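Before anything else, here's the structure in question.
The values are calculated or read from the model by the stated rules, or taken from the named source; none is laboratory data. Bear in mind the structure is a predicted one, so any value in this text is a computation, not a measurement. When we count neighbours, we look across all protein chains shown, and the Cβ atoms used for this are built from the backbone with ideal geometry, even at glycine. Areas reflect the complete protein model, heavy atoms only, side chains present, ligands, DNA and RNA absent. Shrake-Rupley method; radii C 1.70, N 1.55, O 1.52, S 1.80 Å.
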Amino acid sequence: MSAAKLRDYRTLGIEPLELAPAQLREAAVLYQSLQQERTPEDPLTPVEAIERRLRADVPGQWRAFFGARDAGGALIGYAVVSRSLNEPENAHLRWTELVVSAQHRQKGVGRALLRRLVDAVGDQGDDVVLMAQTMDRIPSGSEFARRIGAEPGLDMKTNQLDLSRVDRAKVDEWAAVSPKGYRLERVDDTVPADLVAPYIEASNGMNDAPRGDLKMADWKLTEEQIRERESWFKQTGTEWWLLVAVHEASGEGAGFTEVTYDPKISHVIWQQGTAVIDAHRGHRLGMWMKAVMLKRILAERPKALFIRTGNANTNAQMLGINTQLGFVQAWSACLWQISIADARKAVGLVRVAGVAS
C-alpha cells in the first residue's frame, strides 16, 4: 500500500481482494456507518453483505479504491473510481464515490481523497469526466461538489413504495391489461440465449430517459455487459428479476423492467431500469410490466418493506406511472460531473507536457 501525507490524516491505496479479514471488516463497518447516515430509518446493512460487494471482481471493469485514516489509525473515509472497459460510447466517464465520516469533514480529507482519484485516472486521457451522486439528506456532499468546481448534471429523486400500503386490487387490474400482440418473458438471474437480442432491443428505450446536462452518450447494451452484470449479481448474492415485453409479430423486444434484491438486505427492493421503445409506446406496456412485477413481489418477497427507485425530475412519463402505483418521494439527489482538467485544478495538480505534477 502506498500512502500520501496529510496533516493529522493519511490516505492510502486499498485493494479489497488483498485485504486481511480484519481490514475488510473495518472497511465494511465504515461503509455501514455512512450508509446509516444516509438512511437512518433503515436497519443496519449487514457487514457480510458489504464485504461481498467490496470483494466482487467484475470482468470488464476497472476500479481503484482509497482510504483515509486519522492520527489514531482509524479508517474515516474512502473513495472509489471505476469505469466499464466494454462501453466505448462512454469511455470517458469515471463513476466515483467519495465519503468522509461526519466528524472529519472540512479538514481537507475529501480533497486529499479526490487527489487520489485524479492520480488514478491521470494516464487515461484528457477527456475524462468524473461523475458522482449526492443527496439532500447530506448537504455537505453538494457543498463539496460546488467547492471543487463540479457542475450539476441531472437533478433526481429517489421514490419509495411502501408495500404495506399497495392497492392490490388496482395492481391486479393493471397486471391483467395484457396488451394485444405482446407477451412477457420472465428472467431470473441469467438471460437465456434466445432472449439476449430482445432484451438488448428493449434496453434501447433507456436512451430516451432525460439526461439533463450530463456529458453522456447513448448507452448500447451488449451481451458481454449483460454477462458482467450477472457475474456481479452472483458474486454479491443479489437476485435479479427481469421482464421483457416481446412483440409477437416481429419477435422484437418492445420494453423491459427489472428489480434487484439482496436477501441479506431484506427490507428493500431496488427498481432498476424500465423502458419501452418508441415504436411500441401507447399500449400501456410500462404500467403492465411494472404491475406484473409488483404482483410477483407481493407474493414472493414477504420480508420486503419498500421498493425504491431513482428518477430524473423531468421524467414525467415514468414518474406518472410510479405515482399511480403509490410511490412517493423519499429524498432528492443530484448527479454531478467535473472534467479531469478542473479536477486537477481543484487538488492543485498542474498538467505540464502531458504529465500531472
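Within the chain, how many Lys pairs sit with Cα atoms under 15 Å apart, leaving out pairs fewer than 8 places apart on the same chain?
Values: LYS5/LYS107; LYS170/LYS290; LYS170/LYS295; LYS234/LYS264; LYS264/LYS303; LYS295/LYS303.
Number of lysine pairs found: 6.
Same structure, new question: Using a 1.4 Å probe on the protein heavy atoms, what percent of the accessible area of region 1-155 belongs to carbon and sulfur? Present the calculation step by step, with values, prior to reporting the outcome.
On the way: 3910 of 7630 Å².
Percent of accessible area from carbon and sulfur atoms in region 1-155: 51.
Using a/c under 1.5 as the rounded threshold, could you call region 153-266 rounded, prolate or oblate? The axes a ≥ b ≥ c are square roots of the C-alpha gyration tensor eigenvalues, and prolate needs a/b larger than b/c, oblate otherwise.
Values: a/c = 1.18, a/b = 1.04, b/c = 1.14.
Since a/c stays below 1.5, the shape of region 153-266 is classed as rounded.
Provide the net charge surrounding PHE66, with neighbours chosen by a C-beta distance below 12 Å and charges set as Lys +1, Arg +1, Asp -1, Glu -1. Each step should come with its number before you reach the end.
Values: positive: ARG10, ARG63, ARG69, ARG115, ARG116; negative: GLU15, GLU97, ASP119.
After counting each charged neighbour, the total is +2.
Taking the Cα centre as origin and putting +1 on Lys and Arg beta-carbons and -1 on Asp and Glu beta-carbons, what dipole magnitude results for region 238-357, to the nearest 20 debye?
Roughly 380 debye, rounded to the nearest 20.
I would also like to ask the following. Counting other Cβ atoms within 10 Å, keep those with at most 11, restrict to DSSP loop, and tell me which trypsin sites (Lys or Arg not before Pro) in region 101-180 are left. Don't skip to the answer; put the middle values down first.
Numbers: sites: ARG105, LYS107, ARG111, ARG115, ARG116, ARG137, ARG146, ARG147, LYS157, ARG165, ARG168, LYS170, LYS180; in loops: ARG105, LYS107, ARG137, LYS180.
When the trypsin sites (Lys or Arg not before Pro) of region 101-180 are filtered for loop state and at most 11 Cβ neighbours within 10 Å, LYS180 remain.
Could you check how much of the accessible area of region 201-283 is carbon and sulfur, as a whole percent, using a 1.4 Å probe? Before the final figure, lay out the partial values.
Details: 1740 of 3470 Å².
Roughly 50 percent of what the probe reaches on region 201-283 is carbon or sulfur.
Using a cut-off of under 13 Å, list every residue of region 104-128 whose amide N is near the label point 7 Å from the Cα of ALA91 along the Cα-to-beta-carbon line.
Those under the cut-off are 124-128.
In nm, to one decimal, how far is the ASP189 label point from the GLU48 one, both placed 7 Å along Cα→Cβ?
Here the modelled spin labels are 1.7 nm apart.
Continuing with the same structure: For the pair ALA74/GLN106, report the inter-label distance in nm, with labels modelled 7 Å from Cα in the Cβ direction.
1.9
Here's another thing I want to ask about it. I need the calculated FRET efficiency for the pair LYS180 and THR314, taking r as the beta carbon distance and R₀ as 35 Å, to the nearest 0.05. All intermediate terms of the calculation are to be shown ahead of the outcome.
Working: r = 31 Å, r/R0 = 0.90.
Efficiency at R0 = 35 Å is approximately 0.65.
Just in region 240-325: which trypsin sites (Lys or Arg not before Pro) are loop by DSSP and have at most 12 other Cβ atoms within 10 Å? Present the calculation step by step, with values, prior to reporting the outcome.
On the way: sites: LYS264, ARG281, ARG284, LYS290, LYS295, ARG296, LYS303, ARG308; in loops: ARG281, ARG284, LYS303.
Taking region 240-325 and a limit of 12 other Cβ atoms within 10 Å, the loop trypsin sites (Lys or Arg not before Pro) found are LYS303.
So, with +1 on the Cβ of K and R and -1 on the Cβ of D and E, and no other charges, what is the size of the charge dipole of the chain about its Cα centre, to the nearest 20 debye? Present the calculation step by step, with values, prior to reporting the outcome.
Details: 45 positive and 46 negative charges, 228 e Å.
In debye, rounded to 20, the chain gives about 1100.
Computed FRET efficiency, Cβ-Cβ of THR39 and TRP219, R0 25 Å: what is it to the nearest 0.05?
The computed FRET efficiency comes out at 0.35.
Could you put LEU184, LEU19, LEU85 in order of accessible surface area, largest first, with the 1.4 Å probe and the full protein assembly present? Walk me through the numbers before you get to the answer.
Working: LEU184 45, LEU19 20, LEU85 95 Å².
The most accessible residue leads, giving LEU85, LEU184, LEU19.
Another question, if that's okay. For region 123-179, what is the accessible area per residue in Å², given a 1.4 Å probe and the full set of protein chains? Could you put the intermediate results ahead of the total?
On the way: 3050 Å² over 57 residues.
Accessible surface, normalised per residue, equals 53 Å².
Multiply the residue separation of ARG281 and SER332 by 0.36 nm, subtract the distance between their alpha-carbon atoms, and state the gained length in nm to one decimal.
Working: separation 51, 0.36 × 51 = 18.36 nm, distance 2.84 nm.
Gain on extension, ARG281 to SER332, equals 15.5 nm.
What spacing in nm lies between the two simple spin-label points modelled at VAL29 and ARG147, each 7 Å away from Cα in the Cβ direction?
Computed distance between label sites VAL29 and ARG147 equals 2.8 nm.
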